[in-house]
Amino acid sequence: MFMQASNAPFISVVMCTYNGEKFIDEQVQSILQQTWQNMELIIVDDCSTDSTWQKLQQWQQQSTLVKLHRNAHNLGYNKNFEYAIQLAAGDLIALSDQDDIWLSEKLERLVPCFNDAQTVLAHSRSVRLENGKLDFHKVSLQHQFSGNDTRRLLFFNQMMGHDAMFRRSLVQHIVPIPERMSYDWWIAVVATCYGNIAAVPDFLVHHRIHGSNNFFSSGAASKKKELDLDETLRLFDTIPAMNERTHRHIHQLLQFLDVQNSSAHPPFNCGFFRFLLKNRQVIFGHKRRLLPIVSHVKNAMRYAKTSFRGKGISI
């Protein structure tokens, strides 16, 4: 374990749990074994009905870093995270899922990004862990977001919460998290309005995919249907610090989406196609392809004849 300076930032790792008994021990252990030990692990349980709470109490007995809270009633995924991040005392806040595995140097690798005063959020990369195997294919198809061009985040969510760390000063701008909003998408967009996002290219999280994922399972009690894209954009448009260029981009997108959503099977919209193609680097620039222009044209054609109603964020 490396030596930390006396002025090293204090980190609050925030985890929300709900019926995570199967994998919770492995994740808590990976956090407590971080090389960065100037930290606390705040865990807020959302009324689990399995043995999750009992397992967490055992961890609290083993480590003074663990600080437990249990909701009086089920808040749901977003509101639980909203509550949890407001409990954080750290200079920096790192978000954790209940069923992933962190590499031991995850926190250590993210901290130096905040030596730049303009950086309000930093994120690493993660690799899917499914059926005991690591799958790098999906992440290899995407460029990692960095900078503060909010427009690049409006059409697709490009930052996962389990990869992120942000300044505690950002919390006042994050809360309240809108109902049914993808909480990590909201945090990323808010961050670009108040500073810069830094990217660490290392794979520092094994993101576990399984049938009972709290987020991916449609039957999870704390999971609510995501907002449609037009609803999401209207909420982004309310962020006070958003610049005028981004507001204009949102309003243009909404005009086209209103047309697309007026029919279950809209005809090909030439105007929307031209808009998507003109702004292809902003909208599709995160897609890593051998022939980007071919991919951009195909995607523009696809969305120019798509209704976005009832699809949530999975467009």
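Throughout, read-outs are computed from the coordinates displayed, never taken from laboratory work. Computed from a predicted structure; not experimentally measured. Note: ideal-geometry Cβ built from the backbone for every residue, glycine included; neighbour counts use all protein chains shown.
Under a plain spin-label model, where a point goes 7 Å from the Cα along Cα-to-Cβ, how far apart in nm are Leu254 and Lys278?
1.9 nm
Hey, of (i) 46, 43, 38; (ii) 62, 42, 39; (iii) 58, 44, 34, which did the structure itself give for Cα extents along the principal axes in Å when calculated?
Only one listed value fits the structure, namely (ii).
Go through region 108-122 residue by residue and turn each phi into a ³J(HN,Hα) via Karplus (6.51, -1.76, 1.60, θ = phi - 60°); whole Hz please, and just put x for glycine and proline.
These are the phi-based 3J(HN,Hα) values: 4, 6, 7, 4, x, 4, 8, 5, 7, 4, 7, 7, 10, 8, 10 Hz.
What's the exposure ranking of Leu65, Leu290, going from fewest to most Cβ atoms within 10 Å?
Leu290, Leu65
May I ask what percent, to the nearest 5, of DSSP beta bridges between residues of the chain are antiparallel?
Taking every DSSP beta bridge within the chain, about 30 percent pair in antiparallel fashion.
Kindly provide the helix-only [θ] at 222 nm of the chain, computed as the sum of -39,500 (n - 2.57) over DSSP H runs of four or more divided by all residues, to the nearest 500 deg cm²/dmol?
Counting only the DSSP helices, I get -9000 deg cm²/dmol.
Grab the Cα-Cα distance for Asp202 and Arg309, subtract it from 0.36 nm times how many residues apart they are, and report the gain in nm with one decimal.
In short, 34.9 nm is gained.
Give a residue-ordered list of calculated ³J(HN,Hα) values for region 76-91 (Karplus: 6.51 cos²θ - 1.76 cosθ + 1.60, θ = phi - 60°; whole Hz; x for Gly, Pro).
With coefficients 6.51, -1.76 and 1.60, one gets x, 4, 5, 5, 5, 5, 4, 5, 5, 5, 7, 8, 5, 9, x, 5 Hz.
Helix 183-194 against the longest principal axis of the chain: what's the angle in degrees, Cα atoms only, rounded to the nearest 10?
In the chain, helix 183-194 runs at an angle near 80 degrees to the longest axis.
Would you pull out the residues with amide H under 5 Å of Thr119's amide H, same chain only if 5 or more places away, H placed 1.01 Å from N?
Sorted by chain and number, the residues that satisfy this are Asn196.
On a 0 to 90° scale, report how tilted helix 292-303 is relative to the longest principal axis of the chain, with both axes built from alpha carbons and the result rounded to the nearest 10.
For 292-303 against the chain, the angle is about 80 degrees.
Taking H as built 1.01 Å from N, whose amide H comes closer than 5 Å to the amide H of Leu95, not counting residues under 5 places away?
Hits under the 5 Å cutoff: Val14, Ala164.
In what order do His73, His207 fall by count of nearby beta-carbon atoms within 10 Å, going from fewest to most?
If I rank by nearby Cβ atoms, fewest first, I get His73, His207.
So for Trp102, Trp185, Trp59, fewest C-beta neighbours within 10 Å to most, what's the order?
Listing Trp102, Trp185, Trp59 from fewest to most nearby Cβ atoms yields Trp59, Trp185, Trp102.
Using the Cβ atoms and a cut-off under 12 Å, what net charge is assigned to the surroundings of Leu257, where Lys and Arg are +1 and Asp and Glu are -1?
-1
Provide the per-residue ³J(HN,Hα) series for region 40-51, in order, calculated from phi with Karplus coefficients 6.51, -1.76, 1.60 and θ = phi - 60°, each as a whole number of Hz, with x at glycine and proline positions.
With the stated coefficients, region 40-51 comes to 9, 10, 8, 10, 10, 8, 9, 6, 4, 10, 9, 8 Hz.
Show me 140-152, 117-129, 240-252 ranked by packing, highest mean number of other Cβ atoms within 10 Å first.
117-129, 140-152, 240-252
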